[in-house]
Amino acid sequence: MTGFIDDAPLYLAGLVTTITVSVSGIAIAFLLGIVLAAALRSRVRPTSLVVRAYVEFARGAPLALVLFLLYYGGPQFGLLLSPYVAGIVGLGVYGAGPFAEIFRAGLNAVPKGEREAADMLGLTRGQCLLHVELPQALRLTLPPCMGQAIALLKESAVLSVITLGELTKVAGTISSITFAVVTPYLTIALLYWALVEILSRLGRVLERRFAVKGS
Amino acid sequence: MEKTVAHIWPALLDGLTTTMTISLAALLLGAPLALLLATAGRGGRGIRALAGIYLSFWRGTPILVQLLIIFYILPFLGLELDPIVAAIVALALNTAAFQSEIYRAGLQAIPKGEIEAAKMLGLSTRTIFLHIEAPQAFRTMLPALVGEMQALVKNSSLVSVIAVTDLTRRAQQVAASTFRPLDAYASALILYVAVGMLLAGVGLLIERRLSHRSEGQ
């Protein structure tokens, strides 16, 4: 029987994979969310309608199916992805919808007068978005953004269904070797819990750092 | 013989029925536990600490891991249950942690004055809860509860991992038998999204009903 210490390198490798795919997936979701939010506010009707449909669609789609579609369905139209890439892309496109909704609300919360002022000063709409509205929106939406990041970190466990060797997959591998089924899963549950705790503490630190004075 | 898309629908719809059954059962089973958790703050320190640990675990770990723990732990407790029961239990324990937050917020939103007034009138705690707190809280909580049901339908796709033949599992089977994974998974995805939208629509309908009634009073 292999001991707990012998399995430590496996857990560590899983942990590293979980962290890298989560961070990459969250980064893609975050950036894509900003682009989608800007498109949602677009004055070009077709653009905002298409993006609205995408956001609504992404909201109802389970991550497991998004991953199956990318990883197993992809080859049917010539898209061959490694589990690693499919996992990151899947997490990114899956998470972008909620991020877009968060940023849309954040952008709407920026007073209209600011855009009018920026307009008067001769800033283009793009410049206004990038330098006036977005920085304020990001600050306002920090708490929901952290919540969404934590949700995606937890969802990354689903990446095990496309055979990606992250924490959950590692627990499955260890339990199939050692026949100890409960311990590996309780171990990774603890690791996930620690990651979530670290992320939420980080969120609180950032919130304090970027708190809007006088509010 | 190659099967066409039309052939895959009966299997997928059968899976959808299982998905909906599991989600609804988990939502209803989780509700009483959620209510207990939501009112744990009114209890002693020990109860509050226990509730805190419970919430921390079920909110802070992935649902897939929770599901696997429940699935593997039940036989240890001498319970040889059908995977579908394990799936419902796991999802119910999970949703209880999230529903409790909804109930807590809903109960908090009721003006304290109303409860004080009811107490003055000599109503029992039970009567106050059932006739004053619960009906009002339900209306404010409805949108969040619909959201939780939508989340449950999505989350229930993970039960395919423990071989429950829900919509996702059915899609996998269809993909394997037809060699057309794209069609199978895209069809299943559309069904999930459609159900989510349907739930949102039903939620709006009930909401409108309830607000009409309260205006009429």
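Below 26 Å Cα-Cα, how many Lys pairs turn up in the protein assembly as shown? Only count pairs eight or more apart in sequence, or on different chains, if you could.
Details: A:LYS112/A:LYS213; A:LYS154/A:LYS169; A:LYS154/B:LYS154; A:LYS169/B:LYS154.
Lysine pairs meeting the criterion: 4.
If R0 is 56 Å, what FRET efficiency do you get for B:ARG42 and B:PHE179 from their C-beta distance, rounded to 0.05? Computed FRET efficiency for B:ARG42 and B:PHE179 comes out at 0.45.
The mean of 1/r over all pairs of different alpha-carbon atoms in the stretch A:19-164, once inverted, gives a Kirkwood hydrodynamic radius of 16.2 Å.
Would you mind telling me the share, in percent, of accessible area of the protein assembly as shown contributed by carbon and sulfur at probe 1.4 angstrom? Before the final figure, lay out the partial values.
Working: 15140 of 22140 Å².
With neighbouring chains kept in place, the figure for the protein assembly as shown is 68 percent.
Computed over protein heavy atoms with a 1.4 Å probe, the accessible surface of the stretch A:19-164 works out to 45 Å² per residue.
Which one of B:PRO62, B:PRO111, B:PRO32 has the biggest mean-square fluctuation once chain B is modelled by GNM with Cα springs under 10 Å? Result: B:PRO111 has the largest fluctuation of those listed. For the protein assembly as shown, the percent of C-alpha pairs falling in each 10 Å distance bin, counted from 0 to the bin holding the largest distance, reads 4, 18, 28, 27, 16, 6, 1, 0.
Given the alpha-carbon gyration tensor of the stretch B:140-207, what are the semi-axes of its equivalent ellipsoid in whole angstrom, ordered largest first, with each equal to the square root of 5 times an eigenvalue?
Working: eigenvalues 160, 34, 8 Å².
After diagonalising the Cα gyration tensor, the semi-axes are 28, 13, 6 Å.
Using the 1.4 Å probe convention, the accessible area of the stretch B:1-210 works out to 50 Å² per residue with neighbouring protein chains retained. Hydrophobic, long helices, defined as DSSP H runs whose alpha-carbon span along the helix axis is 20 Å or greater and whose mean Kyte-Doolittle value is at least 0.5, occur in chain A at A:4-40, A:83-109, A:182-209. With 20 Å² as the minimum drop in accessible area between chain alone and full protein complex (1.4 Å probe), the qualifying residues in the stretch A:38-58 are A:GLU56, A:PHE57. First measure r as the distance between the Cβ atoms of B:LEU204 and A:LEU123, then evaluate 1/(1 + (r/R0)^6) with R0 = 35 Å and state the FRET efficiency to the nearest 0.05. Once the sixth-power term is evaluated, E becomes 0.35.
For the full complex of protein chains and a 1.4 angstrom probe, list A:PHE210, B:PHE76, A:PHE77, A:PHE103 by accessible area with the highest value first. The partial results should precede the final answer.
Values: A:PHE210 95, B:PHE76 150, A:PHE77 125, A:PHE103 5 Å².
Putting A:PHE210, B:PHE76, A:PHE77, A:PHE103 in descending order of accessible area: B:PHE76, A:PHE77, A:PHE210, A:PHE103.
Name the residues of the stretch B:160-196, by number, that are at least 50 Å² less accessible with every protein chain in place than in the isolated chain; the surface is that of heavy atoms, probe 1.4 Å, without ligands or nucleic acids. Output list: B:LEU182, B:TYR185, B:LEU189, B:VAL193.
For the stretch B:1-210, the Kirkwood radius over C-alpha pairs fed into Stokes-Einstein at 4 °C and 1.567 mPa s yields D = 68 µm² per second. In a GNM of chain B with a 10 Å cut-off on Cα contacts, which of B:LEU189, B:LEU93, B:LEU77 has the highest mean-square fluctuation? Its mean-square fluctuation being the largest, the pick is B:LEU77. Solvent-accessible area lost on pairing B with A (1.4 Å probe, both sides summed) amounts to about 2900 Å². From its DSSP helices (H runs of at least four residues, each -39,500 (n - 2.57)), chain A gives a residue-normalised ellipticity at 222 nm of -24500 deg cm²/dmol.
The values are calculated or read from the model by the stated rules, or taken from the named source; none is laboratory data. Nothing here was measured: the structure is a model prediction, and the numbers come from that model. When we count neighbours, we look across all protein chains shown, and the Cβ atoms used for this are built from the backbone with ideal geometry, even at glycine. Keep in mind that these areas ignore ligands, DNA and RNA; they rest on the heavy atoms of the full protein, side chains included. Shrake-Rupley method; radii C 1.70, N 1.55, O 1.52, S 1.80 Å.
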